[in-house]
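Here is the structure we will look at, set down as structure tokens.
The values are calculated or read from the model by the stated rules, or taken from the named source; none is laboratory data. For clarity, every value in this text was computed on a predicted model and none was experimentally measured. Note: ideal-geometry Cβ built from the backbone for every residue, glycine included; neighbour counts use all protein chains shown. Accessible surface is based on the protein model in full, side chains and every heavy atom, while ligands, DNA and RNA are left aside. Shrake-Rupley method; radii C 1.70, N 1.55, O 1.52, S 1.80 Å.
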Amino acid sequence: AMSKIIDSLALGATMYVPVIHPDVADIITGQRYRGLKSVVLCLEDALAVTDVDRGLKALSRLLEKRRGPQSVLTFVRPRNLAMAKIIATYTGIEQVQGFVVPKISSHNLGAWLDIAQSTHLSLMATLESQWVFDPDSVGQFLAELDSHNTERLMALRIGGNDLLSCLGLRCVRGRTVYEGPINWLMSQLMCRFGSRGYALTAPVFDVIDDMETLHRECLQDVDFGFVGKTAIHPSQVEVIHECFAVWASDVKSAQAILAQGASAVFKSDGAMAEPATHTEWAKRVLKRFDVYGYKQGSPATP
């Protein structure tokens with residue numbers, strides 16, 4: 001199960017783009033924003049209801065124009081299950097990695113997984129409804145997940161804006177999501193889903209010109225174990241990727257932990273290293289290094 005989390009660490013900053021964006025073709029081929037790793041072509045919240053038909057036509061045309069190899073993982077966010085079934089039949093759909101599922105619940109999970117099983121598509125399901133606040137409902141959703149083949153479930157995305165909306169709140173300048181009421185929820189979801197091997201991505205930070213707070217929030221996302229973070233503006237991508245980069249000292253420790261014949265317990269960079277309990281951490285560190293490289297500077301000392 002943990003191998004799925006390792007693979008999902010390649011998502012990085014997942015940028016949401018309205019499917020009718022004029023530069024969408026260049027965005028998904030990596031020409032428009034260098035370094036972008038994953039993108040969601042949105043037909044849901046990013047489009048007005050009156051633009052949905054235009055959006056579907058734009059997506060169909062985009063996929064029909066055959067392209068070369070893509071450097072950016074591309075997902076489509078349909079408005080509902082019926083729309084997803086239509087999009088799954090489009091010519092060129094093989095150029096898309098999967099669907100981002102809006103408003104996932106234990107009631108519609110099986111139907112979405114059925115679409116994935118009948119195609120090549122993966123799913124990233126969004127936890128963004130009121131039931132997510134109720135521990136019993138989360139338990140029911142986990143039981144439903146465990147009753148299905150979830151091989152095609154790439155990650156669960158935490159929909160921070162929708163969850164804050166349930167409380168009548170929104171993202172605040174200068175304050176990370178961890179400094180508000182859904183800190184508890186983020187911790188609960190990571191502990192309950194992450195401990196079962198499900199990958200989770202962190203919510204968007206809405207204040208586009210507050211890079212300092214975005215940086216602080218994303219460092220906490222990485223420490224919490226999230227595999228990526230939603231981005232709504234290209235200026236956020238580099239900051240997010242910088243947070244997923246790895247200190248040279250952590251790479252060295254990870255390599256020592258995974259080395260053949262490593263001692264059961266040893267000291268590495270001033271901390272205890274124990275392969276029996278630190279192996280999964282070490283694998284994550286090396287995957288992050290593979291995707292994002294070294295962090296610049298050196299770790300801050302207390």
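A few remarks follow.
- The 3J(HN,Hα) values that the Karplus relation (6.51, -1.76, 1.60; θ = phi - 60°) gives for segment 141-158 are, in residue order, 5, 4, 4, 5, 4, 5, 8, 10, 7, 9, 4, 8, 8, 6, 6, 10, 9, 8 Hz. Gly and Pro appear as x.
- Sum of side-chain charges, Ser298 neighbourhood, beta-carbon under 15 Å (Lys, Arg +1; Asp, Glu -1): -1
- Largest GNM mean-square fluctuation across Val138, Val265, Val52, computed for the chain with C-alpha springs under 10 Å, falls on Val265.
- Solvent-accessible heavy-atom area per residue, rounded to whole Å², over segment 164-302 at 1.4 Å: 52
- In the distance distribution for segment 106-256, Cα-Cα pairs more than 27 Å apart total 28 percent.
- Segment 146-302: relative contact order in percent, alpha carbon pairs under 8 Å with at least 6 residues between: 19
- Segment 71-122: mean projected area of Cα convex hull, nm²: 3.5
- The alpha-carbon atoms of segment 188-302, seen along their principal axes, cover 48, 34, 27 angstrom, with the largest extent given first.
- Rg and Dmax of segment 147-202, based on Cα coordinates, read 13.1, 42 Å.
- Contact order for the chain, expressed relative to its length and based on alpha carbon pairs under 8 Å spaced 6+ residues apart, stands at 18 percent.
- Cα-based shape type of segment 92-165, given that a ≥ b ≥ c are square roots of the gyration tensor eigenvalues and the cut on a/c is 1.5: oblate
- Portion, in percent, of the accessible area of segment 70-191 that falls on carbon or sulfur, probe 1.4 Å: 50
- Each Lys and Arg Cβ is given +1 and each Asp and Glu Cβ -1; about its Cα centre, the chain then shows a dipole of about 660 debye.
- Compared with the dominant Cα axis of the chain, that is its longest principal axis, helix 248-258 is turned about 80°.
- Charge context of Leu286, other residues only, Cβ under 12 angstrom, K/R +1, D/E -1: +2
- Solvent exposure of segment 7-108, expressed per residue, is 44 Å² of accessible area, with all protein chains present and a 1.4 angstrom probe.
- Spin-label pair Lys85-Asp290: with each label point 7 Å from Cα along the Cα-Cβ axis, the two points sit 3.8 nm from one another.
- Prolate is the label for segment 2-74. Its Cα gyration tensor axes, ordered a ≥ b ≥ c, give a/c of at least 1.5 and a/b above b/c.
- Against the chain, whose longest principal axis comes from its Cα atoms, helix 211-224 is set at around 70 degrees.
- Phi-based couplings in Hz for segment 272-283 (Karplus 6.51, -1.76, 1.60; Gly and Pro marked x): 6, 10, 9, x, 4, 10, 10, 4, 5, 4, 4, 5
- Here the convex hull built on the C-alpha positions of the chain has a volume of 148 cubic angstrom per residue.
- Angle in degrees between helix 52-64 and the longest Cα principal axis of the chain, rounded to the nearest 10: 70
- Fluctuation leader among Asp114, Asp221, Asp206 - the chain, Gaussian network, Cα springs under 10 angstrom: Asp114
- Cα-based shape type of segment 69-194, given that a ≥ b ≥ c are square roots of the gyration tensor eigenvalues and the cut on a/c is 1.5: prolate
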